[in-house]
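This report refers to the structure that appears directly beneath it.
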Amino acid sequence: SRTVWHGFSLHWYAELFQNERIMNALYTTLLVSVLAAVIATIAGTAAAIGFYSMKRRPRTLLTSVSNITLTNAEIITGVSLMLLFVFLGKFLPFKLGFGTLLIAHISFNIPYVILSVMPKLRQMDKNLIDAAQDLGCTWMQAFWKVVVPEIKPGIINGMLIAFTMSVDDFVISYFTAGAKTSTLAMTIYGMAKRRISPKMNAVSTLLFVTVLTLLIIVNVRQARQEKAMSRQKK
């Protein structure tokens, strides 16, 4: 009973982990979140470096285009992607499902990675790459040994934010997952239509703790980076 207090218990957590439907949804959520975070981090980092190398006008234009998913309401992004996938499904052999869900998550995660990496690129000394090449490095060696270490904090922060956004997303997933694929948020929504089970409280607690932990990690990292930068300037 959720209305009569009987003391602390882990009973509903045990019931939760024995529920096959919830466990499948959790597996799908974690798999999509990890894949989307990794792919979006690679693509977003490459895009940020490309934007950084451009002139001011095209950089401003492309940055504004990449930020559309941030300014749009989630329902607009979800419906737009669903219509795009349905249209492409007439010409390409794929349907709404895990693949479209993954593509949708990657697409709305990339701008968050770009926003995390771009400040680190602006802080980097532009002469470092030239200096590395003068010392014998190829462009690729200079990229891996100079550029990546300089922007690494932004890359990690972008990946953590992308993972958090994927785990927490419901609206876009609802429109792009199809009928056979379900994330944890979608499963909770479906369960809430019938009646609220204490298992949902257990799921919500675990999800809240996971997201809160990731956010704390991101904020602690940023605080340490700011302190390190302030010490270097002094």
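From helices alone, the chain scores -25500 deg cm²/dmol at 222 nm; the rule is -39500 (n - 2.57) for each run of n ≥ 4 DSSP H residues, then divide by the residue total. Ligands, DNA and RNA are left out, and with a 1.4 angstrom probe the accessible area of the stretch 113-176 is 52 Å² per residue.
The residues of the stretch 1-104 have, on average, 68 Å² of accessible surface per residue, using a 1.4 Å probe with all protein chains present.
Among the protein heavy atoms of the chain, carbon and sulfur supply 65% of the accessible surface, probe 1.4 Å, non-protein parts ignored. For the chain, the membrane-span-like helix rule (DSSP H, alpha carbon extent of at least 27 Å along the helix axis, mean Kyte-Doolittle at least -1.0) picks out 20-53, 98-123, 148-168, 198-233; this says nothing about an actual membrane. Label zone of LEU35 (point 7 Å out along Cα→Cβ, amide N under 20 Å): in the stretch 167-198 this covers 167-187. Projecting the Cα positions of SER80, PRO153, ALA228 onto the charge dipole of the chain (unit charges on Cβ atoms of Lys, Arg, Asp and Glu, taken about the Cα centre) puts ALA228 furthest along the positive direction. When you count the other C-beta atoms within 10 angstrom of each residue and take the mean per peptide, 150-160, 80-90 line up highest first as 150-160, 80-90. Only the Cβ atoms of Lys and Arg (+1) and of Asp and Glu (-1) were treated as charged; on that basis the dipole of the chain about its Cα centre amounts to roughly 380 debye. Note on THR71 and ASP125: the model spin-label points, each 7 Å out from Cα along the C-beta direction, lie 3.7 nm apart.
The values are calculated or read from the model by the stated rules, or taken from the named source; none is laboratory data. If you're wondering where the values come from, they're calculated on a predicted model, not measured in any experiment. A quick note on method: Cβ atoms are made from the backbone with ideal geometry, for glycine too, and the neighbour counts reach across all protein chains shown. The protein model used for the area step is the full one, side chains on, heavy atoms only, and it has no ligands, DNA or RNA in it. Shrake-Rupley method; radii C 1.70, N 1.55, O 1.52, S 1.80 Å.
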